[in-house]
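S.K.: I have a structure I would like to understand better, so I am pasting it below and will then ask my questions one at a time.
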Amino acid sequence: MSMAAKCASRFRTGLCRDVLAVAASALLLAVPLHAQTTDRNRRLSPEQLEIMQQRHPGLAGALDPDNLAKKRPKPGFDMTGTWFVDLSEGFNKFMFGPPYPEFFEEGKKAQIEGAAARARGENYRDSIGQCYPAGMPMIMTRVWPIMFVQVPTAIYMVAGFTNSFRTIFLDGRPHTDPDIYVPTYNGESIGHWEGDTLVVDTQGFETDHHWIDVGLPISDEFHMVERIRMINGGNTLEIEYIMTDPRMWKGEWRNTKRWDRVTQADIGEVECTEARNANLPGTDRGQQELDEREKKK
């Protein structure tokens, strides 16, 4: 089966969208130049439309009215709202360690290199400052609010930081076949309810420039389970993270964090371009700018 056919068979993102776009263009461009104007005005076939619409036959979309209308058990809670990570105990609480698991070679190397860079007053693996996606789990602890919108079949997340988007599917679908899944920075998340706890299983992560905390790497075997509870009268989300990566560390890496409901905040459009982002405090160029300002005082 061709990549285009695989992509057309299921809902895909990233690379597959590019493949489908190329395939759709090819359908129009695979004719002599002098005939393209005429062909572009022809009615598209159902097959052509299906490719361009990115349908996944046999699997209803989360916002399909029939899927939304199916009878389901009542959810344990509704996450709809705007939330901000609890940093009341200090800014460094955005990190997922320490304590840390026992890292293997790459993780140990990152810890040594990162400590040495910080001792020199330098940033280490400044990928977010270069507009690489933060990815899960780090996107959850960027110092921006996060919006969740919950419907019966899914929970949609939009972060204030770079408008990072994530879907947690609740309609009973399985994980996509890993042979055709295109990795993403937030992974593919499938959730189910265990009483008043939402359990979310996420896998299929993009690993390029994807770090946890200060430059700690993940592999394509990184797997994350979140156990989400709503506490404090519906005003606090508590999420326990259980992360495994048998190529990067031994056993489970666990951490529990909380988010407070923010009732007077909304998520707006945020664009990340390196030209603008590179000078922000916390990036290499931003730190250089701060140092130069300090020298002038």
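The values are calculated or read from the model by the stated rules, or taken from the named source; none is laboratory data. No experiment lies behind these values; they were computed from the predicted model shown. So basically every Cβ, Gly included, is an ideal-geometry build from the backbone, and we count neighbours across all protein chains shown. Side chains are part of the model used for accessible areas, which takes the heavy atoms of the whole protein and leaves out ligands, DNA and RNA. Shrake-Rupley method; radii C 1.70, N 1.55, O 1.52, S 1.80 Å.
S.K.: Kindly indicate which of 121, 135, 97 is of a type outside the set (Asp, Glu), in a loop (DSSP other than H, G, I, E, B) and crowded, with 18+ Cβ neighbours inside 10 Å.
M.R.: Working: 121 fails: crowded, with 18+ Cβ neighbours inside 10 Å; 97 fails: crowded, with 18+ Cβ neighbours inside 10 Å.
So the residue among 121, 135, 97 that is of a type outside the set (Asp, Glu), in a loop (DSSP other than H, G, I, E, B) and crowded, with 18+ Cβ neighbours inside 10 Å is 135.
S.K.: Condition (residue is free of Cβ contacts under 8 Å to residues at least 60 places away in the same chain and under 16 Å from residue 100 (Cβ atoms)) applied to the range 257-267: is it met by at least one residue?
M.R.: No, the conditions are met nowhere in the range 257-267.
S.K.: Counting just the residues of the range 47-88 that are in a helix (DSSP H, G or I), farther than 17 Å from residue 168 by Cβ and open to solvent by less than 50 Å² (accessible area, probe 1.4 Å), which one comes out modelled with the lowest pLDDT? Working first, answer last.
M.R.: Kept after step one, since they are in a helix (DSSP H, G or I), are these residues of the range 47-88: 47-53, 65-69.
Still in the running and farther than 17 Å from residue 168 by Cβ: 47-53, 65-66, 69.
Narrowing the set further to residues that are open to solvent by less than 50 Å² (accessible area, probe 1.4 Å) leaves 48, 51.
On the way: 48: 84, 51: 80.
Checking each candidate, the answer is 51.
S.K.: Now, a different point. Just one of 114, 129 is part of a helix (DSSP H, G or I), surrounded by 15 or more Cβ atoms within 10 Å (Cβ to Cβ) and out of contact with any strand residue (DSSP E or B) (no Cβ under 6 Å at 6 or more places or on another chain); which is it?
M.R.: On the way: 129 fails: out of contact with any strand residue (DSSP E or B) (no Cβ under 6 Å at 6 or more places or on another chain).
Just one listed residue meets the conditions, 114.
S.K.: Would you check if residue 176 is in contact with a helix residue (DSSP H, G or I) (Cβ under 8 Å, 6 or more places away or on another chain) and either in contact (Cβ under 8 Å) with a residue 40 or more places away in the chain or closer than 15 Å to residue 218 by Cβ (or both)?
M.R.: Considered against the rule, which asks whether it is in contact with a helix residue (DSSP H, G or I) (Cβ under 8 Å, 6 or more places away or on another chain) and either in contact (Cβ under 8 Å) with a residue 40 or more places away in the chain or closer than 15 Å to residue 218 by Cβ (or both), residue 176 comes out as no.
A quick yes/no check of all residues on (1) of a type outside the set (D, E, K, R); (2) closer than 24 Å to residue 87 by Cα:
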site: 186; (1), (2): yes, yes
site: 197; (1), (2): yes, yes
site: 201; (1), (2): no, no
site: 212; (1), (2): yes, yes
site: 219; (1), (2): yes, no
site: 230; (1), (2): yes, yes
site: 254; (1), (2): no, yes
site: 258; (1), (2): no, yes
site: 267; (1), (2): yes, yes
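S.K.: Looking at the range 100-119 only, could you name the residues that are farther than 16 Å from residue 210 by Cα and under 24 Å from the mean Cα position of the chain (by Cα)?
M.R.: Passing the criteria: 100, 101, 103.
S.K.: Mind checking whether some residue in the range 45-59 is within 21 Å of the chain's Cα centre (by Cα) and closer than 29 Å to residue 271 by Cα?
M.R.: Among the residues of the range 45-59, at least one is within 21 Å of the chain's Cα centre (by Cα) and closer than 29 Å to residue 271 by Cα, which makes the answer yes.
S.K.: Sticking with this one: Among (1) crowded, with 16+ Cβ neighbours inside 10 Å; (2) assigned to a helix (DSSP H, G or I); (3) modelled with pLDDT under 95, where does residue 92 come up short?
M.R.: Just one mismatch for residue 92, condition (1).
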